[in-house]
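Undergrad: Let me give you the structure first, and then I'll get to my questions.
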Amino acid sequence: MTSAEKLREVVDKVYDEGLNGGDLSVADRHLTADFRNNGSHDDSMRGPEAFKHTIKVQRGAFSDVKYEILDFVAQDDKAAVRWVMRGRHTGPFIGIPATGLEIEHHGMIIFRFEGEKIAERWGIVDNFALQRFLQSGGKPAGPLTPGGPGGAGGPGGPGGGKPAA
């Protein structure tokens, strides 16, 4: 059985080296050959190439990308994380052209491991709040958007951020 500390070490490398650093080889080192990226940009893709695609999409849409793991829980062969990604929207994302806005993007992910490699990923990512934020030009867009009417939070909530200077 792999320890929670070892699972955390692998997840940290995937986020720090892959998503934050843009190192595509992290997928070859830390994902199984038949890795499944459920709930991502293209669920039909398999293996390390699926995660490489995610890195390329994220880094093509956002500059100054910085993922931060806010929570980490592990048991047996599974680990769950809650993260925030900050960056500047400098390329197309989910059909929205670059806005130059600084964003915060939130998600929760469950990973299943085979030994010390990630075999599956299931994601719940708040693309809806991010889409509304980008389409509104950085303004709160509704009751569930931080800072909107009745919305919780402010600039630190899902989709929160500030326009480029």
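Undergrad: Students often get this wrong, so check it: of K52/K117; K13/K52; K6/K66, which have C-alpha atoms separated by over 18 Å?
TA: K6/K66
Undergrad: Which lysines, if any, have their Cα less than 19 Å from the Cα of K139, not counting same-chain residues under 8 positions apart?
TA: In chain and number order, the partners are K162.
Undergrad: Still on this model: Each residue of segment 32-37 in turn: what ³J(HN,Hα) in whole Hz from Karplus with 6.51, -1.76, 1.60 and θ = phi - 60°, glycine and Pro shown as x?
TA: Values, residue by residue: 6, 4, 10, 3, 10, 9 Hz.
Undergrad: Pop the C-beta distance of Q131 and F72 into the FRET formula with R0 = 35 Å and round what comes out to the nearest 0.05.
TA: 0.85
Undergrad: Let me ask something else. Spin-label point model (7 Å from Cα, Cβ direction): what's the S44 to K139 distance in nm?
TA: Using points 7 Å along Cα→Cβ, the separation is 3.9 nm.
Undergrad: Next question, about the same structure. Compute the distance in nm between two label points, each set 7 Å from the Cα along the Cα-to-Cβ direction, one at I96 and one at R29.
TA: 3.3 nm
Undergrad: Same structure again: Under 14 Å Cα-Cα from K78, which aspartates and glutamates qualify once same-chain neighbours fewer than 8 residues away are excluded?
TA: Counting by Cα, and skipping residues close in sequence, K78 has these aspartates and glutamates nearby: E5, E9, E114, E116, E120.
Undergrad: Right, here's the next one. Considering only protein heavy atoms, with the full assembly of protein chains and a 1.4 angstrom probe, order S63, S44 by accessible area, largest first.
TA: Highest to lowest solvent-accessible surface, that is S44, S63.
The values are calculated or read from the model by the stated rules, or taken from the named source; none is laboratory data. Since the structure is predicted, the reported quantities are computational estimates derived from the model, not experimental observations. Because the Cβ atoms are built from the backbone with ideal geometry, glycine has one as well, and the counts that use them run over all protein chains shown. Note: areas computed on protein heavy atoms with side chains; ligands, DNA, RNA excluded. Shrake-Rupley method; radii C 1.70, N 1.55, O 1.52, S 1.80 Å.
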